[in-house]
Amino acid sequence: MFVLSEEQQALASAVRDFCVAEIAPLAREDDEKEHFRKDLIHAMGEQGLVGVATSEDYGGLGLGYLDYCVVLEEIAKVSSSYAVSVAVTGLPQVILTKFGTDAQKDRWLPGLASGEYLGAFALSEPDSGSDAASLSTTAVRDGDDYVLNGTKFWITHGGYADIYIVMARTGGKGSRGISAFIVPGDAKGLSFGRKEEKMGMRASPTVEVILEDVRVPATDRVGDEGIGFTVAMTALDSGRITIGATAVGLAQAALDYSSRYALERKQFETSIIDFQGVGFMLADMMTGIESARLLVHKAAWLKDNGHPFSHVAAMAKLAATDTAMSATTDAVQVLGGYGYVREHPVERYMRDAKVMQIVEGTNQIQRLVLARHIKRGLLK
Ligand code: CAA
């Protein structure tokens with residue numbers, strides 16, 4: 001695990017070539033124009049990059065989360081927005097793989113794994129963010145159907161996705177009253193509200209999703225009634241690994257760019273990398289990134305090998321996204337005045353990093369998950 005296999009190194013190299021050729025030229029423009037290219041996800045899908053960990057039986061590469069992390073890190077070095085898209089499209093895949101019926105898998109997984117379909121995960125609501133179990137979207141049984149009503153907030157791919165996994169209340173208060181549903185993007189009664197104008201991650205659309213009497217056949221419920229919260233949390237455990245990998249890629253891009261700059265930039269007739277104030281900053285960035293990468297890879301390895309990984313995924317997400325925030329901030333500092341203007345990508349990296357400390361569970365929630373894990377261990 002400390003050295004990637006030859007296959008993984010070859011995968012990283014192929015993804016890097018693809019991203020440099022196909023995504024890098026668009027990254028700045030898409031950030032500035034808040035433009036999302038669904039066809040780029042399709043193109044990545046054709047390369048196998050969208051269904052890395054999904055079974056070959058359903059058109060995926062049938063590899064593990066460690067390979068998925070390798071892929072995401074490379075995409076994020078070029079555009080964290082598109083890496084997040086690939087990570088979020090992984091959520092329905094991991095959900096359907098674990099909880100879906102054969103019919104649900106046959107219907108959706110091949111399209112998701114190939115990038116033909118875009119996926120979305122609809123948990124958060126205006127009044128239910130960190131306290132996900134308090135969600136108020138309802139799903140009321142009506143014969144062979146459920147009728148869904150409610151509003152979902154901050155939904156990546158809202159309005160673009162072909163399939164939404166929607167968490168809705170079928171029972172009483174709390175986590176045990178929640179069920180998960182497949183809602184196709186063209187479902188009657190599904191509409192889209194405000195597209196958020198964000199500080200960063202601007203090529204990734206974040207949109208309000210409105211469900212008004214959306215009728216879903218009971219066969220499109222994912223898992224039993226009442227296990228929707230577990231479905232969501234299980235997906236987020238895996239999702240936090242992918243967000244961690246994305247953050248590592250973003251932080252590495254910041255280090256690569258700022259260290260090259262620090263070598264070339266001369267002040268007082270010396271490369272600024274030779275000043276300890278700058279060189280030590282780069283050294284700390286490198287150490288933080290490598291530590292975070294090891295945690296992300298460990299979480300992925302645990303998942304791939306069937307071990308409990310929830311708490312390691314929380315540590316990985318926490319460490320990697322905090323590292324991305326500090327590394328990108330320091331990268332701006334290394335570039336000085338040049339770092340603060342859009343001619344160089346580091347200001348975009350810094351804006352993109354901030355949201356990573358918030359999505360898929362704020363870093364305060366990761367700490368809460370970890371504190372509970374420690375407490376459970378003590379009470380055993
Ligand atoms: N895996 C499986 N089951 C889990 C679980 C996990 N990781 N965590 C909790 N559960 C189960 C528990 O075992 C418990 O089950 P029982 O009722 O059978 O005992 C049930 O879920 C309730 O657990 P808790 O009592 O721990 O639940 P809680 O209400 O205290 O909440 C929480 C726990 C960790 C705070 C959770 O609410 C949470 O993770 N909140 C953050 C939400 C979040 O990450 N949102 C991100 C939105 S998605 C996003 O950002 C996507 C995007 O588009 C980028």
- Task: Please find, among 226, 189, 185, 172, the residue that is among the small types (Gly, Ala, Ser), at pLDDT 95 or above and in contact with a Phe, Trp or Tyr (Cβ under 9 Å, 6 or more places away or on another chain).
- Result: 185
- Query: Among (1) away from the ligand (no atom under 15 Å from the Cβ); (2) within 29 Å of residue 49 (Cα to Cα); (3) not acidic (Asp, Glu), which single condition is residue 236 missing?
  - Reply: (1)
- Which number in (1) at positive phi; (2) free of Cβ contacts under 8 Å to residues at least 40 places away in the same chain marks the one condition that residue 18 misses? (1)
- Message: Just to check your reading of the model, which residue among 254, 168, 203, 247 is out of contact with any strand residue (DSSP E or B) (no Cβ under 8 Å at 6 or more places or on another chain), buried (at least 16 other Cβ atoms within 10 Å of the Cβ) and not assigned by TED's automatic domain parsing to the domain that holds residue 336?
- Response: 203
- Message: Go through (1) under 23 Å from the mean Cα position of the chain (by Cα); (2) surrounded by fewer than 24 Cβ atoms within 10 Å (Cβ to Cβ) for residue 143 and report which single condition fails.
- Response: (1)
- Note on the structure: Reported set for the range 154-175 where residues are assigned to a strand (DSSP E or B) and either free of Cβ contacts under 8 Å to residues at least 40 places away in the same chain or within 16 Å of the chain's Cα centre (by Cα) (or both) is 154, 155, 156, 164, 165, 169
- For the range 139-192, how many residues are hydrophobic (A, V, I, L, M, F, W, C) and within 11 Å of the ligand (Cβ to nearest atom)? 7
- Can residue 229 be described as within 15 Å of the ligand (Cβ to nearest atom), surrounded by fewer than 23 Cβ atoms within 10 Å (Cβ to Cβ) and free of Cβ contacts under 8 Å to residues at least 40 places away in the same chain? no
- Query: Quick check, is residue 218 within 19 Å of residue 164 (Cβ to Cβ) and either more than 16 Å from the ligand (Cβ to nearest atom) or free of Cβ contacts under 8 Å to residues at least 24 places away in the same chain (or both)?
  - Reply: yes
- Message: Which condition from (1) among the small types (Gly, Ala, Ser); (2) away from the ligand (no atom under 12 Å from the Cβ); (3) under 25 Å from the mean Cα position of the chain (by Cα); (4) surrounded by fewer than 24 Cβ atoms within 10 Å (Cβ to Cβ) is the one that residue 259 breaks?
- Response: (3)
- Task: Evaluate the range 100-119: report whether one residue or more is without any contact (Cβ under 8 Å) to a residue 60 or more places away in the chain and not in a helix (DSSP H, G or I).
- Result: yes
- Find the helices (runs of 4 or more DSSP H) located wholly in the range 1-94 whose residues include 2 or more that are under 25 Å from residue 108 (Cα atoms), and list them. 38-46, 65-78
- Message: Exactly one condition in (1) outside any helix (DSSP H, G or I); (2) under 19 Å from residue 101 (Cβ atoms) is false for residue 231; which is it?
- Response: (1)
- Among (1) touching a helix residue (DSSP H, G or I) at 6+ places or on another chain (Cβ under 8 Å); (2) away from the ligand (no atom under 16 Å from the Cβ), which single condition is residue 56 missing? (1)
- Query: If only one of 368, 318 is within 16 Å of the ligand (Cβ to nearest atom), closer than 24 Å to residue 67 by Cα, in a helix (DSSP H, G or I) and not assigned by TED's automatic domain parsing to the domain that holds residue 197, which one is it?
  - Reply: 318
- Item | Boolean, residue 358 is of a type in the set (Val, Ile, Thr), farther than 19 Å from residue 201 by Cα and out of contact with any Phe, Trp or Tyr (no Cβ under 7 Å at 6 or more places or on another chain) | no
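The values are calculated or read from the model by the stated rules, or taken from the named source; none is laboratory data. Because the structure is predicted, anything quoted here is derived from the model rather than measured. Glycine also receives a Cβ, built like all others from the backbone with ideal geometry; neighbour counts cover every protein chain displayed.
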